[in-house]
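Take a look at the structure below.
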Amino acid sequence: MTTPFKILLALLLLLQAVLAIYLLLPSLLLLIHYVNRNKKLLLTKKYPRTIDKEFDFAAIVTAHKDTRFIAPLVDSFLKQRYKNFALYIVADDCDIAHFNFNDDRVVLLKPEAALHAKIKSIKYAVDHFIRGHEVIVVFDSDNLVHPDYFLNLNQYFCRGFEAVQTHMLSKNTDTIYSRLDSIGHIYNTFVERQSRMELGLSSSILGLGIAVKTDLYKQVMYKDALGGFDKKLQADIIRIIPQLAFAKDAYVYDEKVDDGATFERQRTRWIYTYFKYFSINWKLLVYGLKSGNFNKFFFAFTTLKPPLFIKISLAFVFLISGYFIHPLLSTVWAVIILIFTASFISIILTQSTQKGMGRALLYIPAVVFRQMKAFLKLKQAGKDFLKTEHSKIVYIDDVLKHESA
């Protein structure tokens, strides 16, 4: 056996080992979750209060060419039981002449020149703060917040956290694709946020509902404004802070996509940002190794994992190829795929708080098909913002009534 062939074989085995870890990790996290009987007292026991105060929050909403969702969004904020906040709505390239909110906490901003970028809209809001807010929370224009959102979020900053990802739930689950979209978030919320919080590890963030201390946010430097606002943010702040928290009880509602074309467009943008920020996360992995910090290493290692459809595709490639190399290798991959499938279904069935998710699992092949098509359109994502279009105008009272029904 020649040396180059040995090196190639070693790399192939390493790739299979890493992929196996990625696919088996959800099962391990689910097992630990159920073994840990004190998870209901997690916040008070594992993370005690270090201060007792009402933090001053700046809620930043980025609206682009669409004001249909602003009225229900503002309505949800004005129903907050927590009062120490201001809501900044950046109406980028929008007509706001018909809006008139009779509340000093609502600040409507319209840039003179169109920004066409979420990162620029956030900076515009920060530059126009009416006072020095302690914490920034970023939202999309189609979001809604639970009446106890800031009340619960404040508890995490009182426990010393500097960055907190809040819990995103679905605003609409009335179509197959909206449920499929929701399934992905349920799975990722458990694996990348809730289970890590229970273990004292950093959670990953989303592009909405992320709360960061203002001074910390200002340390993030963006090279460009084309997508991936959340990926760059988490890569930078994870180096600085001990732990990025997850607030399971601070609910923000997001609209899920309703059709296949929109689903595909959204995934194209997500896959593009994964590859765009791969090098940044790789550097974080090296930093975690050099510093001997398991939390940072584990965060980077899990962030580097490829999109789910790529992992599953590779697993089946190894399953089939393993049959021709050694039957035992093929058997091992068959077992790994079965364990992952069982854990995925278990997570959806046990962690979902909204109806219809179990039945939607039958349509998972449609997700794989759309994601493969999205993968083939990555070049387009590098030239276009690929904004996800939404249409559901729903008020927070309607969402809460539906959940309690």
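The values are calculated or read from the model by the stated rules, or taken from the named source; none is laboratory data. Everything numeric in this text was worked out from a predicted model, so none of it was measured. Every residue, glycine as well, gets a Cβ built from its backbone with ideal geometry; the counts of neighbours run over all protein chains shown. Side chains are part of the model used for accessible areas, which takes the heavy atoms of the whole protein and leaves out ligands, DNA and RNA. Shrake-Rupley method; radii C 1.70, N 1.55, O 1.52, S 1.80 Å.
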Task: Radius 12 Å from Cβ of I186, net charge of other residues (Lys, Arg +1; Asp, Glu -1) - done: +1
- [ ] Report the local net charge at A250: Lys and Arg +1, Asp and Glu -1, summed over other residues whose C-beta lies under 14 Å from its C-beta.
- [x] +1
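Classify the range 103-154: rounded, prolate or oblate, from the alpha-carbon gyration tensor (a ≥ b ≥ c, eigenvalue square roots; a/c under 1.5 rounded; otherwise prolate if a/b is larger than b/c)?
Values: a/c = 1.95, a/b = 1.56, b/c = 1.25.
Cα axes put the range 103-154 in the prolate bin.
From the protein chains alone at 1.4 Å, what is the descending order of accessible area for K256, K290, largest first? Don't jump to the answer; show the numbers that get you there.
On the way: K256 0, K290 170 Å².
My answer, sorted largest first, is K290, K256.
Mind checking the dipole of the range 1-129: about its Cα centre, +1 per Lys or Arg Cβ, -1 per Asp or Glu Cβ, Debye to the nearest 20?
Numbers: 18 positive and 12 negative charges, 197 e Å.
It comes to approximately 940 debye.
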Task: Under-5 Å amide H pairs with L169, H placed in peptide plane, nonlocal only - done: V252, Y253, D254
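Test of the criteria: in the range 153-248, which chymotrypsin sites (Phe, Trp or Tyr not before Pro) are in a DSSP loop and have at most 16 other Cβ atoms within 10 angstrom of their Cβ?
Working: sites: Y156, F157, F161, Y177, Y187, F190, Y217, Y222, F229, F246; in loops: F161, Y222.
Taking the range 153-248 and a limit of 16 other Cβ atoms within 10 Å, the loop chymotrypsin sites (Phe, Trp or Tyr not before Pro) found are Y222.
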TODO: Evaluate E = 1/(1 + (r/R0)^6) for S346 and K110, where r is the Cβ-Cβ distance and R0 equals 51 Å; express this FRET efficiency to the nearest 0.05.
DONE: 0.60
Open item on the list: Shape verdict for the range 1-146, please, from the Cα gyration tensor: rounded (a/c under 1.5), prolate (a/b greater than b/c) or oblate.
Closed with: oblate
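Just add up the charged neighbours of A91: K/R +1, D/E -1, any other residue whose Cβ is under 11 Å from the Cβ of A91.
On the way: positive: K65, K110; negative: D66, D92, D93, D95.
So the environment of A91 carries a net charge of -2.
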- [ ] On a C-alpha basis, how far is the centre of the range 56-72 from the centre of the range 73-134 in Å? Whole number, if you could?
- [x] 6
